[in-house]
Amino acid sequence: MTGPTSTPTSTPPPTSCPSRVLICDDQELIRMGLRMVVDSQPDLTVVGEAADGDAAIAGVAALEPDLVLMDVRMPGLDGLAATEHLCAQPHGPRILVVTTFDLDEYAYAALRAGANGFLVKDAPAEEILVTVRAVLRGEVMVAPSLTRRLVERFVLHGSASTPAQRRRLAALTEREREVLALVARGLANGEIAARLFVGETTVKTHLGRVLTKLGLRDRIHAVIFAYESGLVRVGD
C-alpha cells in the first residue's frame, strides 16, 4: 500500500475538499488505470493503494478515505471479507465493488454484506466517475435489472424463508408488499408508479417505509430480502 498521494493536477474550489479514495486491487495495472481516472478530477483524489483485503483494512484505518474501490478476487484476504469487515465498522467508508465480470458471486455477496455499488472494471472512464460520485453522494449504484440478475443467479432457488423473515414481511401493508415485489422484479420507481397508477413520489414514500420497517439499508438489500423471504421467486 502506498502512502498519501500528491495533490491532484486540477485544484478544487477553495470551499471544498476533494473526496478521498483508496484503491484496492491485486493487479498493479488496474490500480494505475483507476488512479489515473480518479486523480484526473479536481473533486477526487487517490490517497492510497492496497493489493489485498488486509492492506485495504489497514489503509482505511491509516488514511480515512471516503470511498474504497474494492476488487473481490485477491490472494490472501479477499474483497468480500474486507468489505464485510469495513461495513461492520461505524462511520466506515463507502465501498464500491469493482470486478472483472458483470455477474460475480463474490460481488453479489459483497453487496449483500453492505457494499454501496457495483462496477465492472472495463467500464468507460466517464461511467466510473459517474458511479464514484453517486456512491459518494450516498446513492446505491446498481441498475435495477442488474440487481435482479445478481439475485436470481445467486439466491438459492426455492430456499425456505425463516420465521423471522415472515414476521418482518407481515409488518408491511399490502401496498408496501406490492411495491417491494415490483422493486425486486427490476422495475424503477417511474415504472412502478405507472403500473400502480400512483405518483413517483408516492412510490418513494412506500419504499422508504419498507426499508424502515424491514431495517434495510437500501434498494439492493430490499431486493435481496424480497427473494430470500419468498415474496418473489426466481421466474416470477
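Since every read-out is calculated from the coordinates, none of them should be taken as a lab result. Values in this document were obtained by computation on a predicted structure and should not be read as measured data. Cβ atoms come from the backbone with ideal geometry, glycine included; neighbour counts cover every protein chain shown.
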Taking amide H positions as placed 1.01 Å from N in the peptide plane, with prolines and chain starts having none, which residues 5 or more places from residue 97, or on another chain, fall under 5 Å of its amide H? 70, 116, 117, 118, 119
Relative contact order in percent for the range 175-218 (Cα pairs under 8 Å, 6+ apart) equals 40 percent
Amide H neighbours of residue 19 under 5 Å, counting only residues 5+ apart in sequence or on other chains, H built in-plane at 1.01 Å? 44, 45
Mind listing which trypsin sites (Lys or Arg not before Pro) in the range 197-236 are in a DSSP loop and have 14 or fewer other Cβ atoms within 10 Å? 217, 233
Amide H contacts under 5 Å for residue 50, restricted to residues at least 5 apart in sequence or on another chain and with H modeled in the peptide plane, are 23, 24, 25
Net charge within 14 Å of residue 199 by Cβ-Cβ distance, Lys/Arg positive one each and Asp/Glu negative one each, not counting residue 199 itself? +1
With θ set to phi - 60°, apply the Karplus curve 6.51 cos²θ - 1.76 cosθ + 1.60 along the range 68-85 and write out the HN-Hα couplings as whole Hz, x wherever there is a Gly or Pro. 10, 8, 10, 5, 10, 9, 9, x, x, 6, 7, x, 5, 4, 5, 5, 4, 5
Quick one: if you stick a label point 7 Å off each Cα along the C-beta vector at residue 73 and residue 165, how many nm between them? 2.8 nm
Summing Lys, Arg as +1 and Asp, Glu as -1, what charge do residues with Cβ under 15 Å from the Cβ of residue 134 carry, residue 134 excluded? -2
Can you give the extra length, in nm with one decimal, that the chain gains between residue 196 and residue 130 once fully stretched, where that is 0.36 nm per residue apart less the Cα-Cα distance? 20.7 nm
